[in-house]
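All remarks here apply to the structure that follows.
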């Protein structure tokens with residue numbers, strides 16, 4: 001429906017009563033006009049910069065490299081890029097040192113087994129506010145990247161039910177589980193993340209241990225987290241890290257120290273949403289007993305009394321508990 005048709009339809013079906021309703025109607029139309037404007041400018045920007053937009057290896061191929069070549073991966077989405085540009089996110093305030101380290105990771109190009117993932121949605125999605133996001137950020141994002149480098153997909157931890165029977169997401173989940181199949185796993189996660197608790201995501205791992213870190217502002221404890229990992233984790237273990245932007249840097253550093261380290265991000269929450277058939281991303285919901293930063297009050301998490309989970313904890317850092 002064009003703007004003219006929208007106006008005619010509204011006037012034919014509504015009687016504007018009073019200045020408040022007129023103001024509401026005008027603001028709604030201006031919002032639509034701005035959105036359409038962003039869409040037009042976005043298309044022009046993408047065309048102008050098409051040679052600079054990076055190739056991104058598919059989720060399936062990214063997962064296969066992690067499985068078969070035992071690669072590590074550090075991932076950056078729009079939240080991490082926002083931190084680089086000086087904007088904090090809900091559970092991680094802006095930190096100049098963190099921003100500098102993420103710039104370093106994003107431009108790393110010297111180790112084929114250290115994968116760097118960026119989100120396909122940033123460059124290829126027209127969903128929601130992405131056109132506006134690109135208009136405001138595309139050029140400076142491209143300036144951060146290594147020209148000609150093929151980045152991997154940061155979206156390996158997100159499951160979207162893009163086919164009615166969910167087979168695409170099911171295949172992604174199957175591949176993800178192969179990463180830790182039969183492996184000894186050490187999780188470095190937020191104190192309220194509880195990856196794999198209450199579901200079967202990690203059931204095929206041989207052994208699970210956990211290092212718990214602050215649910216918020218984990219980077220303020222980075223040195224202690226890194227040194228604890230070096231002391232506590234055998235080099236043969238697979239290290240899974242669910243720790244927001246701190247995981248981006250930690251996966252890179254642990255790889256340099258000789259580990260296979262996978263920045264696993266929201267995989268557990270995405271899996272919970274998938275099992276509930278929530279229509280992500282518009283239908284995100286809170287998960288009992290787990291920190292969900294993408295929903296209102298998702299940081300209000302009750303305690304979980306689970307003997308198996310408690311027995312897996314080998315260290316706590318900055319959580320207020322011994």
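Only one residue in 256, 232, 260 is surrounded by fewer than 22 Cβ atoms within 10 Å (Cβ to Cβ) and in contact with a strand residue (DSSP E or B) (Cβ under 6 Å, 6 or more places away or on another chain). Which one?
Just a single option satisfies the conditions, and that option is 232.
Here is a list of conditions, (1) without any contact (Cβ under 8 Å) to a residue 60 or more places away in the chain; (2) not assigned by TED's automatic domain parsing to the domain that holds residue 154, and residue 54 meets all of them except one; can you say which number that is?
Single failed check for residue 54: (1).
When you check residue 109 against the structure, is it over 15 Å from the mean Cα position of the chain (by Cα), assigned by TED's automatic domain parsing to the domain that holds residue 158, assigned to a loop (DSSP other than H, G, I, E, B) and farther than 15 Å from residue 152 by Cα, yes or no?
So residue 109 does not fit the description; no.
Would you say residue 226 is out of contact with any strand residue (DSSP E or B) (no Cβ under 6 Å at 6 or more places or on another chain), surrounded by 14 or more Cβ atoms within 10 Å (Cβ to Cβ) and modelled with pLDDT of 85 or more?
So residue 226 fits the description; yes.
Those residues that are in contact (Cβ under 8 Å) with a residue 40 or more places away in the chain and either under 20 Å from the mean Cα position of the chain (by Cα) or in a helix (DSSP H, G or I) (or both), I need them from region 173-185; list them, please.
Scanning region 173-185 gives 173, 175, 176, 178, 179, 180.
Are any of the residues in region 76-85 buried (at least 16 other Cβ atoms within 10 Å of the Cβ) and not in a helix (DSSP H, G or I)?
yes
Mind counting the residues in region 188-223 that are free of Cβ contacts under 8 Å to residues at least 60 places away in the same chain and crowded, with 22+ Cβ neighbours inside 10 Å?
So the answer is 1.
Given 98, 30, which one is surrounded by 11 or more Cβ atoms within 10 Å (Cβ to Cβ) and either modelled with pLDDT of 95 or more or not assigned by TED's automatic domain parsing to the domain that holds residue 141 (or both)?
98
The values are calculated or read from the model by the stated rules, or taken from the named source; none is laboratory data. All of these numbers come straight from a predicted model, not from anything done at the bench. Glycine also receives a Cβ, built like all others from the backbone with ideal geometry; neighbour counts cover every protein chain displayed.
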